[in-house]
Amino acid sequence: MRQKRAKAYRKLMAMYELSFGFRQPYQVLVDSGMCITAQDHKIDLVKQLETVLQGKIKPMITQCCIVELYKMGKERQPAVDLAKMFERRKCNHREAIEGSECLKHVIGDTNKHRYVIATQAQELRSQLRAIQAVPLVHIKMSVMVIEPPSEETLRIKER
């Protein structure tokens, strides 16, 4: 990782720790799209997340996201195997719903459990920007990136 980007990410995670109570190991909620992209780009997802967040992580995935991966068929089996290594986060959905909707339900209105979200879904990321204190990670051209804090996060931090 470039030095300038590493410094920016270190400051960003320090801001989340001081202002919103995040602590290591960071709980990272991964969605099915992130697992698929990591497999396509041959990225070691856990190692890269630790590098980007600059600390220990606890990768988690919801049951709905795993079901979504299973529905994609045998060609996505490596992504399923990757997802099975992660800790399961109970989402309490009787019937599996779409992965992005499930992540929105788990986060809730305030991100009470201090999750970092790793997703490739552009629509989900734009919806989560409206919630305070939600660090968003995605892969852009085979490089893992943390998005800058949302306007809502900055507004709450300034209080």
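Just to be sure before I move on: is Lys42 charged (D, E, K, R), closer than 28 Å to Pro78 by Cα and touching a helix residue (DSSP H, G or I) at 6+ places or on another chain (Cβ under 7 Å) in the structure I sent?
On the way: charged (D, E, K, R): yes; closer than 28 Å to Pro78 by Cα: yes; touching a helix residue (DSSP H, G or I) at 6+ places or on another chain (Cβ under 7 Å): no.
So Lys42 fails the test.
As an exercise: evaluate Leu124 against (1) among the aliphatic types (A, V, I, L, M); (2) over 27 Å from Glu17 (Cα atoms); (3) under 13 Å from the mean Cα position of the chain (by Cα) and give the number of the one condition it does not meet.
Among (1) among the aliphatic types (A, V, I, L, M); (2) over 27 Å from Glu17 (Cα atoms); (3) under 13 Å from the mean Cα position of the chain (by Cα), Leu124 violates only (2).
Out of the residues in region 47-92 meeting the condition of being without any contact (Cβ under 8 Å) to a residue 24 or more places away in the chain and under 16 Å from Val137 (Cβ atoms), tell me which one is least open to solvent (accessible area, probe 1.4 Å).
It comes out as Glu50.
Restricted to region 93-106, and to residues that are within 15 Å of Arg129 (Cα to Cα) and without any contact (Cβ under 8 Å) to a residue 40 or more places away in the chain, which residue is surrounded by the most Cβ atoms within 10 Å (Cβ to Cβ)?
If we take residues in region 93-106 being within 15 Å of Arg129 (Cα to Cα) and without any contact (Cβ under 8 Å) to a residue 40 or more places away in the chain, then Lys104 is surrounded by the most Cβ atoms within 10 Å (Cβ to Cβ).
So, Arg5, is that one free of Cβ contacts under 8 Å to residues at least 24 places away in the same chain, closer than 30 Å to Glu158 by Cβ and surrounded by fewer than 20 Cβ atoms within 10 Å (Cβ to Cβ) or not? Outline the logic, then answer.
Details: free of Cβ contacts under 8 Å to residues at least 24 places away in the same chain: yes; closer than 30 Å to Glu158 by Cβ: yes; surrounded by fewer than 20 Cβ atoms within 10 Å (Cβ to Cβ): yes.
Yes, satisfied.
Can you work out which of the residues in region 107-147 that are part of a helix (DSSP H, G or I) and open to solvent by 20 Å² or more (accessible area, probe 1.4 Å) is farthest from Cys64 (Cα to Cα)? If you could, list the steps in order and put the result at the bottom.
Start the filter on region 107-147 by keeping residues that are part of a helix (DSSP H, G or I), which leaves 107, 122-128.
Now restrict to residues that are open to solvent by 20 Å² or more (accessible area, probe 1.4 Å): 122-123, 126-127.
Details: Gln122: 18, Glu123: 18, Ser126: 20, Gln127: 19 Å.
Taking the candidates together, the pick is Ser126.
Please state which one of Gln39, Gln54 is in contact with a Lys or Arg (Cβ under 6 Å, 6 or more places away or on another chain) and not basic (Lys, Arg). Talk me through it step by step, then tell me what you get.
Values: Gln39 fails: in contact with a Lys or Arg (Cβ under 6 Å, 6 or more places away or on another chain).
That would be Gln54, the only listed residue that is in contact with a Lys or Arg (Cβ under 6 Å, 6 or more places away or on another chain) and not basic (Lys, Arg).
Looking at Thr110, is it touching a residue at least 60 places away in the same chain (Cβ under 8 Å) and either at positive phi or within 16 Å of the chain's Cα centre (by Cα) (or both)? Spell out the reasoning first.
Details: touching a residue at least 60 places away in the same chain (Cβ under 8 Å): no; either at positive phi or within 16 Å of the chain's Cα centre (by Cα) (or both): yes.
Criteria not met by Thr110.
Can you pull out the residues in region 13-34 that are of a type in the set (Gly, Ala, Ser) and either more than 14 Å from the chain's Cα centre (by Cα) or over 26 Å from Gly99 (Cα atoms) (or both)?
First, pick out the residues of region 13-34 that are of a type in the set (Gly, Ala, Ser): 14, 19, 21, 32-33.
Answer for region 13-34, where residues must be of a type in the set (Gly, Ala, Ser) and either more than 14 Å from the chain's Cα centre (by Cα) or over 26 Å from Gly99 (Cα atoms) (or both): Ala14, Ser19, Gly21.
The values are calculated or read from the model by the stated rules, or taken from the named source; none is laboratory data. The model shown is predicted, which means the values in this text are computed figures rather than measured ones. Here Cβ is always computed from backbone atoms with ideal geometry, including for glycine, and neighbour counts include all displayed protein chains. Only protein heavy atoms, including side chains, enter the accessible area calculation; ligands, DNA and RNA are left aside. Shrake-Rupley method; radii C 1.70, N 1.55, O 1.52, S 1.80 Å.
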